[in-house]
Amino acid sequence: MNVTVIGSGYVGLVVGACLAETGNRVRCADIDAEKVARLNAGDIPIYEPGLDRMISRNLAEGRLEFTTEVGSAVTSARVVFIAVGTPPDEDGSADLQHVLDVAGVIGRHMVDEKIVITKSTVPVGTAGKVRLEIERHTNQSFQVCSNPEFLKEGAAVDDFMRPDRVVCGIESEEARPILEELYEPFVRSGKPLIFMDIASAELTKYAANGMLATRISFMNQIALLCEVAGADVNLIRKGIGSDGRIGPAFLYAGAGYGGSCFPKDVRALIRTGEDMGVDLSILRKVHESNERQKKLIGEKVRARFGEDLSDRRFGVWGLAFKPETDDMREAASVVIVEGLLAAGAAVTVHDPVALDVAREWHFGDRVEYASDEYAACEGADALIVATEWHQYRRPDWARILSSLRTPIVFDGRNLFRPDRMRDAGFEYYSIGREQIQ
């Protein structure tokens, strides 16, 4: 099938590569000429495990192409995916400018019947706006569908190739056989291909992310109670996660969630409720709780060292909002590091893949960048763990003990056992568990 994906950001690259992998002829169109040139050379601008190899393979075998000729890419396709960004406006709502701009381009270059699929995360009612914008420019027949993505950064390729489910919102039965053909290779194991009305599909994505964000914030609040009550949030997680009605996923207490999806989508869903006269008070509290949680490690640091940190240095492990990505959008590490800098501290940071992102978009030359995790500890008054990368899980504690100025660890991801940290000679401050002083 001839498929065009408009937008070569995170979602567009994964969608294009995975559809090409199953034999479709895919053109990924983007107006950024520099990015397109890099992609055609096999240079992938994001870190996502397995994606670079898949793109290179499909480029070499002729199933995948990157182009700046958006109009011709629309004209040649049977199916057109809209996969451009929907950044948050100041009021929290999703900015649909790019989506509607693409809809106009589609309308101007539509010479035959097409299936137009919104893959971008958009609020309920967007499909209707897309249809109206396309109709302004064409008399051709077309179908608009909503096909939300459920990709986890760090596991996006696997999520697309082996999805838990595929959700398709359609406005008529005419689009169903095309979508069934497109997605059949991905649901052969029996996972559901779920058809529904477009409004329900648009809301499904937001509802899913809102639910997952709620679970995280719930456990973070339980963790705050644990520290006062003398309980252990990890044991509570095991106790409730073994309940089949609850399950174990997204119940890990920590320094707060981040990334490009949960914060943005929770705010957008709250705004949608406000626009429609529905008070989504639970989600407002989820957002407020998460913003509070990102400040918790900084508060623990100041409680230990005082408000003035001008004579202190801290090493920070992890900058990405989660492992296996270089994405620092809304990351807890940004709040932690900015708080340390504002209090006068010197900071040395390490991350396996996100140092360039940190240098270019966040901290510039205001921090030092360590070549490895141990270099970040040299001469520091304490170590702060902000991201749970695998290489941080079993460190050489004797080496760290000799590197730190004082043997103190603030663990924002509960990677280590308090009893073992005590035995290793550290003060150890984690979240929702015993504090080793």
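Details
- Test: residue in region 28-43 that is over 22 Å from Lys129 (Cα atoms), touching a residue at least 60 places away in the same chain (Cβ under 8 Å), outside any helix (DSSP H, G or I) and not aliphatic (A, V, I, L, M): no
- Looking only at residues in region 111-149 that are charged (D, E, K, R) and part of a loop (DSSP other than H, G, I, E, B), the one that is nearest to Asp95 (Cα to Cα) is Lys119.
- Complete set of residues in region 339-366 that are under 25 Å from Asp396 (Cα atoms) and buried (at least 22 other Cβ atoms within 10 Å of the Cβ): Val347, Val349, His350, Asp351, Ala354
- Pick from region 278-334, criterion in a helix (DSSP H, G or I) and of a type in the set (Asp, Glu), ranking: nearest to Glu360 (Cα to Cα): Glu291
- Test for Leu203: is it part of a helix (DSSP H, G or I), within 26 Å of Gly128 (Cβ to Cβ) and touching a residue at least 12 places away in the same chain (Cβ under 8 Å): yes
- For region 220-236, the set of residues classified as part of a helix (DSSP H, G or I) and either touching a Gly at 6+ places or on another chain (Cβ under 9 Å) or among the acidic types (Asp, Glu) (or both) consists of Asn220, Ile222, Ala223, Leu224, Leu225, Cys226, Glu227, Val233, Asn234, Ile236, listed by residue number.
- The criterion of at least 1 residues that are among the polar types (S, T, N, Q) is met by the following strands (runs of 3 or more DSSP E) wholly inside region 335-435: 346-350.
- Count of residues meeting criterion [farther than 16 Å from Ile134 by Cβ and either within 20 Å of the chain's Cα centre (by Cα) or crowded, with 18+ Cβ neighbours inside 10 Å (or both)] in region 91-101: 4
- Residue list for region 111-139, filter: surrounded by 15 or more Cβ atoms within 10 Å (Cβ to Cβ), over 30 Å from Val266 (Cβ atoms) and out of contact with any helix residue (DSSP H, G or I) (no Cβ under 7 Å at 6 or more places or on another chain): Lys114
- So Ile46, is it part of a loop (DSSP other than H, G, I, E, B) and hydrophobic (A, V, I, L, M, F, W, C): yes
Every read-out reported here was derived from the displayed coordinates using simple, explicitly stated rules and does not represent laboratory data. Values in this document were obtained by computation on a predicted structure and should not be read as measured data. Positions of Cβ are generated from backbone atoms using ideal geometry, with glycine treated the same way; all protein chains shown enter the neighbour counts.
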